[in-house]
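The values are calculated or read from the model by the stated rules, or taken from the named source; none is laboratory data. None of these values were measured; they are calculated from a predicted model. With ideal geometry, Cβ positions are generated from the backbone for all residues, glycine too; neighbour counts draw on all protein chains shown. Surface accessibility is based on the protein's heavy atoms, side chains included, excluding ligands, DNA and RNA. Shrake-Rupley method; radii C 1.70, N 1.55, O 1.52, S 1.80 Å.
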Amino acid sequence: MDRDSRRCTCTDSLHSVEKGRRTALKSGIGIALAGAVGTVGLSVSPVSLAAALTRKERDSLTPDQIIESMKKGNERFRSGNAHQHDYLAQKRASAAGQFPAAVILSCIDSRAPAELILDSGIGDTFNARIAGNVANEDLAGSLEFACAAAGAKVVLVMGHTDCGAIKGAIDNVQLGNLTGLLAKIKPAVDATQYEGKRTGSNIEFADKVARVNVQNTIDDLRKRSDILASMEKDGKIKMVGAMYHLSNGKVEFLS
Ligand SMILES: [Zn+2]
């Protein structure tokens, strides 16, 4: 704790008195990241997480450190030890500027909210959500903004188990504009090697397709975006896939 921090008597958590963006307490991913670079150390729990990453803190981190902090955030979430976020303070700390460490492309499924399952806070990550976590031109553009313009260092493509979009693609569902979206998942269905019943109701098959689809989306982004591909080649960003398991809350990183 720095000298500007004080113990609050209203709850059993600690609050910090902010000094601009410099505070002792960091928001979700920020706290792990800040800890990784030695700017803060917290030994108290529960903790009120009040600040967002500064540019200096974010820029000093490697993609691997950011991925590690996301893994730790998911461990906190699934073990019931998620941080106690002070979202209003995070909002205040990030209002004048944002320095997110990562951009996440994930499914719209209501059961897979990226910030919550990774225990991150306001200002920590860019988030793009689309059924079946596929890519298109607009999403590639959004990710290019996040990395090349705004400085994010990790692209996380996250699928999940029991995905309705994946099941729909397997079963050739036709529904308005959804039909075209599901067509983007079909290559993953065709590429998935599986001996059993290849139907959407077979969750084991659907989950295997979802894993292939994550990798296909990463490959698709590399093909669509010379910017992302070259940043990855130069080691400025890492592109990584993950599967979120609805049953146990684990985000399984695939590489
Ligand atoms: Zn889904």
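Before moving on, here are some points about what is shown:
- Cβ-Cβ under 6 Å pairs, at least 6 apart or on other chains, segment 126-155 side within 16 Å of the ligand (Cβ to nearest atom), far side open to solvent by 10 Å² or more (accessible area, probe 1.4 Å) and of a type in the set (Gly, Ala, Ser): 128/142; 131/165; 132/165; 139/128
- Some residue of segment 69-88 being surrounded by 18 or more Cβ atoms within 10 Å (Cβ to Cβ), farther than 26 Å from residue 163 by Cβ and in contact (Cβ under 8 Å) with a residue 60 or more places away in the chain: yes
- Of the residues making up segment 156-197, just one is buried (at least 24 other Cβ atoms within 10 Å of the Cβ) and away from the ligand (no atom under 13 Å from the Cβ), namely 156.
- Residue match in segment 95-110 (condition: open to solvent by less than 50 Å² (accessible area, probe 1.4 Å), among the charged types (D, E, K, R) and within 16 Å of the ligand (Cβ to nearest atom)): yes
- Tally, over segment 205-214, of residues that are more than 19 Å from the chain's Cα centre (by Cα) and open to solvent by 20 Å² or more (accessible area, probe 1.4 Å): 2
- Pair list, Cβ under 9 Å, 6 or more apart: segment 101-121 residue without any contact (Cβ under 8 Å) to a residue 12 or more places away in the chain, other residue within 16 Å of the ligand (Cβ to nearest atom) and open to solvent by less than 10 Å² (accessible area, probe 1.4 Å): 113/106
- Breaking point among (1) open to solvent by less than 50 Å² (accessible area, probe 1.4 Å); (2) without any contact (Cβ under 8 Å) to a residue 60 or more places away in the chain; (3) in a helix (DSSP H, G or I); (4) within 15 Å of the ligand (Cβ to nearest atom), for residue 217: (2)
- Selection of segment 143-187 for residues being among the small types (Gly, Ala, Ser) and under 22 Å from the mean Cα position of the chain (by Cα) yields 146, 148, 149, 150, 151, 152, 159, 164, 165.
- Search result, residues across segment 105-126 that are in contact with a strand residue (DSSP E or B) (Cβ under 6 Å, 6 or more places away or on another chain) and either among the polar types (S, T, N, Q) or part of a strand (DSSP E or B) (or both): 105, 106, 125, 126
- Residue match in segment 229-246 (condition: among the aliphatic types (A, V, I, L, M), out of contact with any strand residue (DSSP E or B) (no Cβ under 8 Å at 6 or more places or on another chain) and surrounded by 18 or more Cβ atoms within 10 Å (Cβ to Cβ)): yes
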